[in-house]
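Just below is one structure, and these are the notes that go with it.
The values are calculated or read from the model by the stated rules, or taken from the named source; none is laboratory data. All values reported here derive from a predicted model rather than from experimental measurement. All Cβ positions, glycine included, derive from the backbone under ideal geometry; neighbour counts span all protein chains shown.
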Amino acid sequence: MSKSTPLVVVDDDQDDREIFEQIATDLNIPYERRWFFDTATAMEYLSGTKEQVFLIFCDINLPGNSGLEFKKKIDGDPLLRKKSIPFVFFSTAANQKDINAAYMEMTIQGFFKKGTNYQDIKTMIGLIIDYWSLCRHPNAV
């Protein structure tokens, strides 16, 4: 997959966005970031873009539709399902009810609770990016 493919991050918390961006810089993550504060604009982008998205990081608690509702909409859209975009939840909220719903009611590739300190978050993001950079899946060809 080309390094110019975007990484989509859906998160409304400005502090979390700044931390994520700093980590992406520290880790020299080559994928351009596309930032969205809410699921409506993220959905509009995903539905209309010709870019092959590398990966979606999505928070659970978002204004408007939650991350769970967002993923259900993606799964319910034949065009977006065909794009086979890897999707991970990356959230400070990680209760068992949401984790169960994510894995039992939709197709996700991971559910991660944000670490409590910079190094933990950096390690987690690095591992996720490394995994999906090496993983073979329909849009990795």
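So ALA93 clears everything in (1) under 17 Å from the mean Cα position of the chain (by Cα); (2) free of Cβ contacts under 8 Å to residues at least 12 places away in the same chain except one condition, right? Which one?
Unmet condition: (2).
Please find, among ILE60, ILE29, ILE74, ILE56, the residue that is in a loop (DSSP other than H, G, I, E, B) and under 13 Å from the mean Cα position of the chain (by Cα).
Answer to the selection: ILE60.
Condition check: touching a Gly at 6+ places or on another chain (Cβ under 6 Å) and modelled with pLDDT of 90 or more. Does ILE56 satisfy that?
Here the answer is no, as ILE56 does not meet what is asked.
For SER47, are the conditions met, namely being among the polar types (S, T, N, Q), crowded, with 16+ Cβ neighbours inside 10 Å, more than 18 Å from CYS135 (Cβ to Cβ) and free of Cβ contacts under 8 Å to residues at least 60 places away in the same chain?
Criteria not met by SER47.
Looking at the structure I just gave you, is ILE23 within 21 Å of HIS137 (Cα to Cα) and modelled with pLDDT of 95 or more?
When the stated conditions are applied, ILE23 does not pass them.
Within region 78-90, can one find any residue that is more than 16 Å from VAL8 (Cα to Cα), free of Cβ contacts under 8 Å to residues at least 60 places away in the same chain and not charged (D, E, K, R)?
yes
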